[in-house]
Amino acid sequence: MRLCLACKEPISGRIDKIYCSDYCKSNYHYQKNKQKDPSNFAKIDKQLKRNRRLLHHFNQAGKSTIRKEKLLQAGFNPKFYTHTWSNQRGQTYHFCYDVGFLELPENGKIKYILIDYQPEFMGKLPENG
Ligand SMILES: [Zn+2]
């Protein structure tokens with residue numbers, strides 16, 4: 001006797017059926033997709049940390065300028081960031097943890113201004129515990 005792949009109940013009907021119902025079929029696929037989430041989480045986490053490592057690497061001085069291209073070549077992906085901060089001129093920095101970047105076109109090239117996060121004027125961070 002064949003058993004449903006999702007609920008393990010006996011299947012009646014066509015010989016090639018592997019689910020007892022449409023519900024079980026979609027539920028099985030849903031559960032399977034859900035299992036992929038941890039790997040998505042790990043990938044995003046990895047990219048965020050790589051971004052942070054690169055920003056930190058190119059920003060030893062606390063504030064610096066670098067060509068966007070150079071960061072991208074090193075594996076930086078600007079779509080992944082943890083939070084934003086806007087200065088009084090309305091420019092929005094994107095942060096990867098404690099280092100931020102601002103995209104700035106200059107003479108036809110795109111540059112990044114890198115800055116360290118400064119809780120005194122960018123907003124206090126939550127305390128531990
Ligand atoms: Zn079933």
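The values are calculated or read from the model by the stated rules, or taken from the named source; none is laboratory data. A quick note: this is a predicted structure, and the numbers were derived from the prediction, not measured. Note that each Cβ is placed from the backbone with ideal geometry, even for glycine, and that neighbours are counted across all protein chains shown. Just the protein is used for accessible areas: all its heavy atoms, side chains included, with ligands, DNA and RNA removed. Shrake-Rupley method; radii C 1.70, N 1.55, O 1.52, S 1.80 Å.
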(request) Would you compute, from DSSP H runs of 4+ residues alone, the mean residue ellipticity of the chain at 222 nm, taking -39500 (n - 2.57) per run and dividing by the full residue count, rounded to the nearest 500? (result) -10500 deg cm²/dmol
(request) Could you state the accessible area per residue of the chain in Å², with a 1.4 Å probe and every protein chain left in place? (result) 74 Å²
(request) Could you check which residue among Ser21, Ser64, Ser39 shows the biggest mean-square fluctuation in a GNM of the chain with a 10 Å Cα cutoff? (result) Ser21
(request) Would you mind working out the magnitude of the charge dipole of the chain relative to its Cα centre, with +1 at each Lys and Arg C-beta and -1 at each Asp and Glu C-beta, to the nearest 20 Debye? (result) 500 debye
(request) Anything over 32 Å Cα to Cα? Flag those among Lys32/Lys79; Lys32/Lys111; Lys43/Lys124; Lys49/Lys124; Lys34/Lys124; Lys49/Lys109, in the order listed. (result) Lys32/Lys111; Lys34/Lys124
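Which trypsin sites (Lys or Arg not before Pro) does the stretch 40-129 hold that lie in a coil by DSSP with at most 15 other beta carbons within 10 Å? Walk me through the intermediate numbers first.
Numbers: sites: Lys43, Lys46, Lys49, Arg50, Arg52, Arg53, Lys63, Arg67, Lys68, Lys70, Lys79, Arg89, Lys109, Lys111, Lys124; in loops: Lys79, Arg89, Lys124.
Here the trypsin sites (Lys or Arg not before Pro) that fit, given the DSSP loop and packing criteria, are Lys79, Arg89, Lys124.
Dividing the alpha-carbon Rg of the chain by 2.2 N^0.38 Å yields what?
Details: Rg = 24.1 Å, N = 129, 2.2 N^0.38 = 13.9 Å.
Relative to the 2.2 N^0.38 Å estimate, the chain comes out at 1.73.
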